[in-house]
Amino acid sequence: MNAPADPRLILREDELDAGLELLMLAEASMWAAVDLGLEAADLGLGRSHWRAAFLLRRRPGIGVQDLAQLTSLSKQAASRILTDLEAKGLAQKAPGDLDGRRRTAVLTPQGEAFEGAIAERLRGQIGRAYRDGGLDAVGGARRILGALSGGRARGAGGRL
């Protein structure tokens, strides 16, 4: 359950804009690291492929509909991304446990290596940022990012 808002917290437009700017710059830095990893992997895959692989590692067995919801991709785009990963030997699809028509996906060992090589770059960036922010800032940063996720962070198996 969320704690009540602190009535002392009054944010002006310029403070909110500064936060937006920092989020955009942080996102650009993170995607630059992903792009370097994708280039090194030399598989002809893009950012959406890595995002899908990352989510498959974190939430094995998700399907197209879940992937679409988490990434704001259309179901068709999410399906295409999973098909591309499967064609490269990075993921495999299986019929769902409860509904054989609903296919789920998991990473193959090659997919885990692909995802892990790129994620390791990002973990380094986040680790440095957490250390720079200090121990007390980590929890606050996670709460803020979780709130900004629009509910997508729910269902992550308590691993956030």
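Throughout, read-outs are computed from the coordinates displayed, never taken from laboratory work. Keep in mind the model is a prediction, meaning the values are calculated, not measured. Cβ placement follows ideal geometry from the backbone for every residue including glycine, while neighbour counts extend to all protein chains displayed.
Observations on the structure shown:
- The ALA137 and ASP14 beta-carbon pair, evaluated with R₀ = 30 Å, returns a calculated FRET efficiency of approximately 0.90.
- Charge dipole magnitude, Cβ of K and R +1, D and E -1 - region 15-148, Cα centre, debye nearest 20: 520 debye
- Compared with the alpha-carbon gap, the fully stretched path from ARG58 to ALA32 is longer by 7.2 nm at 0.36 nm per residue.
- About the centre of its Cα atoms, region 76-152 shows a dipole size close to 180 debye [charges on the beta carbon of Lys, Arg (+1) and Asp, Glu (-1) only; nearest 20 debye].
- Packing, as the average of other Cβ atoms within 10 Å across residues, places the peptides 120-128, 12-20, 30-38 in the order 30-38, 120-128, 12-20, highest first.
- Among ARG102, ARG59, sorting on how many other beta-carbon atoms sit within 10 Å of each Cβ, with the fewest leading, yields ARG102, ARG59.
- Angstrom value of the Kirkwood radius, inverse mean 1/r, which spans all Cα pairs in the chain: 17.6 Å
- Least to most buried among VAL64, VAL138 (fewest other Cβ within 10 Å first): VAL138, VAL64
- Summed side-chain charge close to VAL138 - residues other than VAL138 whose Cβ falls under 13 Å, Lys, Arg +1, Asp, Glu -1: +2
- Full extension of the chain between ALA77 and GLN125 gives 14.4 nm of extra length, using 0.36 nm per residue less the Cα-Cα distance.
- Proxy reagent accessibility, fewest Cβ within 10 Å first, across LEU135, LEU43: LEU135, LEU43
- With Cα atoms, 0 to 90° folded angle of helix 75-87 axis to the chain main axis: 60 degrees
- Value at 222 nm in deg cm²/dmol, rounded to 500, when DSSP H runs of n ≥ 4 in the chain each add -39,500 (n - 2.57): -21000 deg cm²/dmol
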